[in-house]
Amino acid sequence: PHTIAIGAVNLKLHILMIVCLFAWVFFSGAAAFAVDSPRLRAEPLAVSVSAGGRTCRIRAYRIDGSLCFSLSDTASLLSGSRAQFSVAVDSAGGRALATRGVGRREPLSELAKPASARTAGSQWSLFIDGCKARTIVVYDVDGDAYLDARDLACLFGFGLDHDRERDLWTLDGSAGYPLRFDKNVYRTGSVTVDGKKVPYRLYTEVYVSR
């Protein structure tokens with residue numbers, strides 16, 4: 001009788017350990033998912049932009065240190081240019097669908113009232129001509145897709161320039177996005193080649209073309 005009782009206790013302990021293990025795996029996975037999809041502060045900005053011969057102000061957001069433009073507004077600004085594209089947003093599925101070569105007729109977002117700070121939700125997926133852009137971060141802000149302005153320029157091949165004195169961003173749909181870098185931002189060091197030290201300059205603000 002004692003042997004049977006001890007065996008039953010051991011069986012119960014093993015079952016309890018297995019249940020605890022499954023619970024730990026489940027809640028760890030849930031926590032990891034929450035970390036993978038952080039909700040970031042989106043600081044609203046009224047940005048002056050110039051495109052296609054017109055100048056206007058659009059709603060932009062500063063998210064995680066990056067200036068982000070609405071995918072829809074960018075499409076409207078570039079409509080009629082070589083870099084034009086159309087946009088369809090699937091909020092429920094967390095997807096933004098872009099088709100190059102097709103213009104967007106919808107107007108730009110209104111700036112009638114100052115916007116308060118928003119929360120950038122889970123990252124969406126971006127599909128361009130049916131292909132998924134796997135390394136691009138797309139933020140959901142109030143049901144619209146926002147991307148880093150320079151990522152947009154690289155993806156859709158338009159020129160992007162910032163006039164700091166006028167605080168004006170220019171989108172040029174007739175020119176591709178060239179390789180450029182800030183000559184004033186770099187690090188220095190040296191490497192040894194054939195026993196000799198060779199100094200180098202490493203530029204850290206480089207924007208790669210398509």
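Residue-level check: of (1) at pLDDT 85 or above; (2) open to solvent by 30 Å² or more (accessible area, probe 1.4 Å), GLU110 misses just (1). Scanning the range 38-55 for residues that are touching a residue at least 24 places away in the same chain (Cβ under 8 Å), open to solvent by 30 Å² or more (accessible area, probe 1.4 Å) and within 18 Å of SER76 (Cα to Cα) turns up ALA46, GLY52, THR55. Entry remark, the range 184-201: residues being surrounded by 10 or more Cβ atoms within 10 Å (Cβ to Cβ), in a loop (DSSP other than H, G, I, E, B) and over 32 Å from the mean Cα position of the chain (by Cα) number 0 in total. Any idea which residue in the range 128-160 is most open to solvent (accessible area, probe 1.4 Å), counting only those that are touching a Phe, Trp or Tyr at 6+ places or on another chain (Cβ under 7 Å) and charged (D, E, K, R)? Checked the range 128-160; the qualifying residue most open to solvent (accessible area, probe 1.4 Å) is ARG150. All told, ARG166 meets the bar of being modelled with pLDDT of 90 or more, in contact with a strand residue (DSSP E or B) (Cβ under 8 Å, 6 or more places away or on another chain), exposed (fewer than 13 other Cβ atoms within 10 Å of the Cβ) and basic (Lys, Arg). With respect to TYR207, is the statement that it is more than 19 Å from GLN84 (Cβ to Cβ), modelled with pLDDT under 90 and in contact with a Leu (Cβ under 9 Å, 6 or more places away or on another chain) true? Yes, satisfied. Note on the range 82-96: residues that are in contact (Cβ under 8 Å) with a residue 24 or more places away in the chain and surrounded by fewer than 20 Cβ atoms within 10 Å (Cβ to Cβ) amount to 5.
The values are calculated or read from the model by the stated rules, or taken from the named source; none is laboratory data. All values derive from a computational prediction rather than experimental measurement. A quick note on method: Cβ atoms are made from the backbone with ideal geometry, for glycine too, and the neighbour counts reach across all protein chains shown. Side chains are part of the model used for accessible areas, which takes the heavy atoms of the whole protein and leaves out ligands, DNA and RNA. Shrake-Rupley method; radii C 1.70, N 1.55, O 1.52, S 1.80 Å.
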